Amino acid sequence: MLSLREIMTMDLVTVSPNLSLQELAQLFAERRISGVPVVSGRELVGVISTTDLVDFESTTPGSPRQRPDRVDWGEIETAPALDGSDGEDPPVYFTEYWEDAGADVLERFESDGPEWNRMAEATVESVMTTSVVSLPPDASVQEAARLMLAAGVHRILILDETAELLGLVSSSDIVRAVAEKGL
């Protein structure tokens, strides 16, 4: 029976919980990987994957790109005197119509505002999965495959008896083992 020790990746890419999601996405693209363990110092604190990134992007509201025509905008109002002595109500500015969009409207006009680059503002810690799926290195490939199916994950972290991270087994590692070793 083939053990996880025989197929696990030991040269791991890990990330810090403080890494921005933009930097993480760049790392995923450069390394052609889809998930990594998250470590703080030497402590395993979670795992993050492209699924977590997609969930973040799909559930985080962004800046409105277009607003429907407002029939209640009415005519252009004249501004009151600077000293406010004419008794008129102050004019309504267009920024007030976008107050419901998340960040302050003026922030959205700056290129580095959080809604223009949400991925640069958010960190791995804010979206990572803290409950990791793990097995010991002597567990069988079949056991790992069953656990991956049951948990709905694409990678299992390999931990020793002290919970130290030793390696990782991905669904691709299992497919490779089946193809090469005929399990």
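The values are calculated or read from the model by the stated rules, or taken from the named source; none is laboratory data. Keep in mind that what you see is a predicted model, and the values were worked out from it rather than measured. Don't worry about glycine lacking a Cβ; one is built from the backbone with ideal geometry, like all the others, and counts go over all protein chains shown.
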Across segment 151-164, what is the total count of residues that are within 15 Å of Ile48 (Cα to Cα), touching a Leu at 6+ places or on another chain (Cβ under 7 Å) and either modelled with pLDDT under 95 or among the charged types (D, E, K, R) (or both)? 1
Looking at this structure, is Glu143 of a type outside the set (A, V, I, L, M), at pLDDT 95 or above, surrounded by 12 or more Cβ atoms within 10 Å (Cβ to Cβ) and within 25 Å of the chain's Cα centre (by Cα)? no
Based on what the data block shows, is Glu143 assigned to a loop (DSSP other than H, G, I, E, B) and of a type in the set (D, E, K, R)? no
Note down all Cβ pairs under 9 Å where the first residue falls in segment 150-162 and is over 10 Å from Met8 (Cα atoms), the second is surrounded by 17 or more Cβ atoms within 10 Å (Cβ to Cβ) and of a type in the set (D, E, K, R), and they're at least six residues apart or on different chains. Arg155/Asp173
State whether one or more residues within segment 45-55 are aliphatic (A, V, I, L, M), under 12 Å from the mean Cα position of the chain (by Cα), closer than 28 Å to Leu166 by Cβ and modelled with pLDDT of 95 or more. yes
From the list Ser20, Ser3, Ser34, pick out the single residue that is surrounded by 15 or more Cβ atoms within 10 Å (Cβ to Cβ) and touching an Asp or Glu at 6+ places or on another chain (Cβ under 6 Å). Ser3
Checking the structure you have, find out if any residue of segment 94-116 is surrounded by 15 or more Cβ atoms within 10 Å (Cβ to Cβ), at pLDDT 60 or above and within 30 Å of the chain's Cα centre (by Cα). no
Check off (1) at pLDDT below 95; (2) under 18 Å from Pro136 (Cα atoms) for Pro37 and give me the number that stays unchecked. (1)
